[in-house]
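The values are calculated or read from the model by the stated rules, or taken from the named source; none is laboratory data. A quick note: this is a predicted structure, and the numbers were derived from the prediction, not measured. Cβ placement follows ideal geometry from the backbone for every residue including glycine, while neighbour counts extend to all protein chains displayed.
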């Protein structure tokens, strides 16, 4: 597909398309891991007083499920599409900094491996058990995470793993901001950008502003745990609330980081399969930007139960309700896009429409959270778990699946089976509603989050059983999808340049694209270059072969080499061997120097 | 290279990075301010902070920023001799600053302020330590450029690299201006 | 072609003048700290003086005044966000005692 073959070409690749595929497969594998963790959780909760796993293992399961899904599955799956699709949509040959792009991927892989190594690392820490995975919740509240209350290596794996992953996300953030702003084809004005690229841009700004805050929060935790500092310890005059503020200052923008790309995908899929332009493109773009800004103003709605006081509660309640407005605007625009269109019910469209429906439900439960009195009943119960999963599964994951069915042909040259796709969709749709809808009731009936079992007299036993059945149905649905992926490798129908009749530039080139993407960089004169509209005719696609050979940079070992220094550095505090820190820093610095002075190709 | 905004990609990336660093230092400074006056035991800032000494450090960094822009100007006009001098001078002032930090930290430890002592210790050392780590990276960067100059490989064509290292260096200086005011002068 | 609002870079004279002002401002800051008469206005004065120093370095040494407005946005946006977050956090932690009421 991109010429060179073999393991070495993949290890040294700087091609955004290959990096996109690497992200996809790695993230999907972690998605399956996170899903397995979910199934174990649901197996444990299927009945009251369950004995499937111990309490300690249960704590590790829900912590790792959340951490894995958010940082190792959903974000990198979005990154797979940022990588593969954005340069194509803007008419570029690659991202602004291809080696930095590769670096981001390798750092992600190493961070994910470090985090998951904790499942088996117990013996190395004389823990008396195999699994010492993080167990303090995906949001690691202080002071449960302090050494005093979490003496083992579990939380260390968590904080070190997250720090490493943060580096990956930040580097990619800078890369994509510059790419989208600076590498657009001639004529590709900002208001002609495809909505997915726009949402990607907003997301990257959220990344580069939010991740530094959690970096600081984790640094404080690290200093408390390893060097005897007291950033979160009340006995020294500090407060655990500092962690909550810093974490949610990151955490709330993070949820918009998770949802905006999926919204971007939906804004691509709906127009294509309605054969109608996105209704109110300008408003949809501005709403996305507004959501990005406003996402910074709501963080303490995660803290309504800590006693912020009536003024703070009211302010954050108001800002939280306000942020529903631009979101609602987008929903109306999506519906208006479908309205009166020529609908083709592809699997991608099913997931996109499913997104709208499920996100409305998740958004509604979110709005109920915006009221502090109501939230005091809902917080820390399964009601919140319902909300999270309607927006993140029904929202982000549905959006990502829509993207997979939509862009898989472009990325691999093969069409996924639509028949299996429909089965996947309906099983997922039914499964997710069975799994998560009851959780609204379970929560309001009083079942808290993060408890490994519950008493029969709580009255939530049958609802939990239904939820578990739904979860396993999702598992089956995902298997169907995996089968679909596997079969298309050899039996998938070959995909033409443009299987769907898309309007944007990625459909103008072969599936998969040649290594240089565009034989001739197109000049763009409209928002829907490949469609005929009342204002313009479709642009001609670039010629099959470039007029002169196009130079494409070769690969480099230095991004993965520099990346390797980070997990080595992280091992130092884990193993209490200071020399590992020096080694890790030395590897990273050496890698960076060789990278910086790598000769330009002739 | 032609770009859509007519701006250099590396420079754009670096300004985005500096924006991101504002949030990093902003969080550290916020924490310092939140915990100011909340230490349960001493030593407290007024017991231990040495304003005359730190004023000299501040002056040192300000002068290093001047050396840095002079270094950039030299590189831009192809003056290798002065480029070497100013780059080395900037790095030296940076090393001097770091030496001052080491001296300050060790004297504070002797006077009983460690990371574990109290909130002032935690927040002070982590904030100024993070800043110091940034200065260290900057010094390494400057020395690398100085070596390139010694090798005769730092001409006007490389001016952008020097400019970007200058952006980093000035930002680190600017963070210190904020720290000097909020930590040392406003007690 | 780099986009600059005015062509050329500040000359050495400008850099030296800025350096001189920075030194003077620092001396003033330390002066305000030591002279008891100024302690009433210590905080606003120091904040103002350091803000001017900050602006001088960013605008002239970092060339932001002469460069593309977009760089000002790339820096200014997150900078403003950091300031707003800082102020919000101060209100949240200290407002508790004044704004929270009897509870």
*Exactly one of (1) assigned to a helix (DSSP H, G or I); (2) surrounded by fewer than 22 Cβ atoms within 10 Å (Cβ to Cβ) is unmet by residue A:353. Its number?*
(2)
*Would a scan of the range A:578-585 turn up a residue that is free of Cβ contacts under 8 Å to residues at least 60 places away in the same chain and either surrounded by 19 or more Cβ atoms within 10 Å (Cβ to Cβ) or in contact with a strand residue (DSSP E or B) (Cβ under 8 Å, 6 or more places away or on another chain) (or both)?*
yes
_Among the residues that make up the range C:31-39, is at least one of them loosely packed, with under 15 Cβ neighbours inside 10 Å, within 8 Å of another protein chain (Cβ to nearest Cβ), in contact with a helix residue (DSSP H, G or I) (Cβ under 9 Å, 6 or more places away or on another chain) and at pLDDT 95 or above?_
no
*Please verify whether the range A:259-271 includes one or more residues that are away from chain C (no Cβ under 12 Å) and surrounded by fewer than 22 Cβ atoms within 10 Å (Cβ to Cβ).*
no
*Which one of B:47, B:60 is in contact with a helix residue (DSSP H, G or I) (Cβ under 6 Å, 6 or more places away or on another chain), in a helix (DSSP H, G or I) and more than 10 Å from chain C (Cβ to nearest Cβ)?*
B:60
*All but one of (1) facing chain B (nearest Cβ under 8 Å); (2) assigned to a helix (DSSP H, G or I); (3) farther than 30 Å from residue B:119 by Cα hold for residue A:188; which doesn't?*
(2)
_I want to confirm something. Restricting to the range B:147-162 and keeping residues that are part of a helix (DSSP H, G or I) and surrounded by 22 or more Cβ atoms within 10 Å (Cβ to Cβ), which single residue is farthest from the other protein chains (Cβ to nearest Cβ)?_
B:149
*Give just the number: which of (1) surrounded by 23 or more Cβ atoms within 10 Å (Cβ to Cβ); (2) without any contact (Cβ under 8 Å) to a residue 60 or more places away in the chain does residue A:78 not satisfy?*
(2)
*asked:* Checking the condition facing chain B (nearest Cβ under 9 Å), out of contact with any strand residue (DSSP E or B) (no Cβ under 8 Å at 6 or more places or on another chain), farther than 28 Å from residue A:337 by Cβ and crowded, with 24+ Cβ neighbours inside 10 Å, which residue from A:209, A:215 passes?
replied: A:209
*What are the residues in the range B:81-140 that are in a loop (DSSP other than H, G, I, E, B) and within 14 Å of chain A (Cβ to nearest Cβ), if any?*
B:113, B:114, B:115, B:116, B:117, B:118
*Checking residue A:376 against (1) in a helix (DSSP H, G or I); (2) in contact with a helix residue (DSSP H, G or I) (Cβ under 9 Å, 6 or more places away or on another chain); (3) surrounded by fewer than 15 Cβ atoms within 10 Å (Cβ to Cβ), which test does it fail?*
(2)
